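Read through the structure below, which is laid out as structure tokens, and then see the notes.
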Amino acid sequence: ILFKHICRLLSLLILIPLYSSLSLPVLADTITLYPVDIASGRDNGPKDGIFDEFYNPGFPSLYDNGFSEGRICVEFDLSSIRAPVVQATLRCNARQSNDAALITIYGYSGNGQIELSDFANTGNALGTMTGIPELNSLAVTGFISSLPDNSYAGFNFDEALRTPSPLTNCFGDFKLEVKTGTLTVAPTILLLDQ
């Protein structure tokens with residue numbers, strides 16, 4: 001019996017270098033994700049931080065005039081990402097109706113369907129966009145990497161308080177571009193007890 005265990009141990013010592021040399025790479029890739037849900041939420045006046053209604057608009061808009069507020073939430077399905085995230089960029093095509101707005105983007109873990117409570121998610125500020133003529137982008141690599149596999153990334157767009165408050169119209173083209181790195185996947189070795 002001792003001889004059998006020594007033989008198994010020696011075979012493992014021989015197989016380990018062979019095992020690591022047989023690793024199979026999963027190649028790097030760039031994936032473009034489009035929203036699974038987009039909605040505008042309203043905190044009707046007087047503003048209290050609790051959103052009262054939301055809807056799925058053709059032209060979502062942002063505003064904060066001190067009395068009432070409108071935000072936009074967007075969610076993306078991350079289940080197609082199969083390798084480590086090297087870079088992730090959130091992009092949107094939008095325009096400002098008057099002067100440049102400061103828009104803060106917050107990240108949250110979603111469920112694929114925007115809910116009223118998602119508009120109050122302001123605990124994880126990812127960065128800001130300003131001006132919004134045309135295409136804007138924001139690096140969100142750390143946030144996307146922190147989410148569990150097969151989850152949903154949610155983004156809450158919040159315009160800073162301005163009086164008077166011109167409306168910021170975001171008219172679509174929300175997308176999340178994710179670059180993945182090479183992942184080495186080792187084959188499984190099954191040892192049978194004899």
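Below is a table of values for the structure above.
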quantity: Where a residue in segment 107-120 is at pLDDT 95 or above and its partner, wherever it lies, is buried (at least 17 other Cβ atoms within 10 Å of the Cβ) and in a helix (DSSP H, G or I), with Cβ under 7 Å and at least six apart; calculated: G107/F143; Y108/D118; G110/D118
quantity: Of residues in segment 79-106 being touching a helix residue (DSSP H, G or I) at 6+ places or on another chain (Cβ under 7 Å) and surrounded by fewer than 23 Cβ atoms within 10 Å (Cβ to Cβ), the one modelled with the highest pLDDT; calculated: Q87
quantity: Members of segment 15-47 found to be surrounded by 10 or more Cβ atoms within 10 Å (Cβ to Cβ) and either part of a helix (DSSP H, G or I) or at pLDDT below 90 (or both), listed by number; calculated: L15, I16, Y19, S20, L22, S23, P25, V26, A28, D29, G45, K47
quantity: Filtered residues of segment 56-69 (kept if part of a strand (DSSP E or B), within 21 Å of the chain's Cα centre (by Cα) and modelled with pLDDT of 80 or more); calculated: L62
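The values are calculated or read from the model by the stated rules, or taken from the named source; none is laboratory data. Note that the structure is a prediction, hence the values are computed from the model and not measured. Note that we place each Cβ from the backbone using ideal geometry, even for glycine, and neighbour counts take in every protein chain shown.
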